[in-house]
Amino acid sequence: MHGQPQIGNNSIEEEINERISLGNKAFYANQDLFKSKLLTKNSKLCMYKTLVRPVVTYTCETWVMNENIKTKLRIFERKVLRRIYGPTKEKDDTWRIKSNEELNRLTGNKNIINHIKAQRLD
């Protein structure tokens, strides 16, 4: 669904689902770069913020954000960030995925929701 969001029928939610889907496509289209050992994690984070996030947040200034939509966007972003930062090795040589708090610390709490709020003119 493209163009102007319609009132009712969960059309904003459909639009955001489409944006997340396009964001996934943008991420996987560049997955060779995101997997590369030659690029630093900061470079990959910069790539996410310039290549993937704008695809997802296109026209975000007009979105009505409810908790369900915020949750979907956070889940999408954390999935990408976990791919960028990779797992954490524990002292006992086991691996685990990074917690949400660790991801917030690594990104300086500059998450997708704060980015959308900053895009708004209010």
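Please report the equivalent ellipsoid semi-axes of segment 11-119, computed as sqrt(5 x eigenvalue) of the Cα gyration tensor, largest first, in whole Å. Walk me through the intermediate numbers first.
Numbers: eigenvalues 129, 51, 29 Å².
Computed over segment 11-119, the values are 25, 16, 12 Å.
Order the peptides 81-90, 17-26 from the highest to the lowest mean number of other Cβ atoms within 10 Å of their residues.
Numbers: 81-90: 14.2, 17-26: 16.3.
Highest mean packing first, the order is 17-26, 81-90.
Given charges of +1 on the Cβ of Lys and Arg and -1 on the Cβ of Asp and Glu, with all other atoms neutral, how large is the dipole of segment 11-119 about its Cα centre, in debye to the nearest 20?
Approximately 480 debye in magnitude.
Of 24, 76, 38, which is farthest towards the positive pole of segment 11-119's charge dipole, taken about the Cα centre with +1 and -1 on the beta-carbons of Lys, Arg and Asp, Glu respectively?
Checked the options; the winner is 38.
Could you grab the relative contact order for segment 11-119? Cα pairs under 8 Å, six or more apart, rounded to a whole percent.
So the answer I get is 29 percent.
Only Cα pairs under 8 Å and at least 6 apart count here; give the relative contact order of segment 73-122 as a rounded whole percent.
Averaging sequence separation for qualifying contacts and normalising by length gives 36 percent for segment 73-122.
Taking H as built 1.01 Å from N, whose amide H comes closer than 5 Å to the amide H of residue 98, not counting residues under 5 places away?
When sequence neighbours closer than 5 places are left aside, the close amide H contacts are 88.
All of the numbers you see were taken from the coordinates with simple rules; none came from a lab. Predicted, not measured: the structure shown is a model, and the values here were computed from it. Here Cβ is always computed from backbone atoms with ideal geometry, including for glycine, and neighbour counts include all displayed protein chains.
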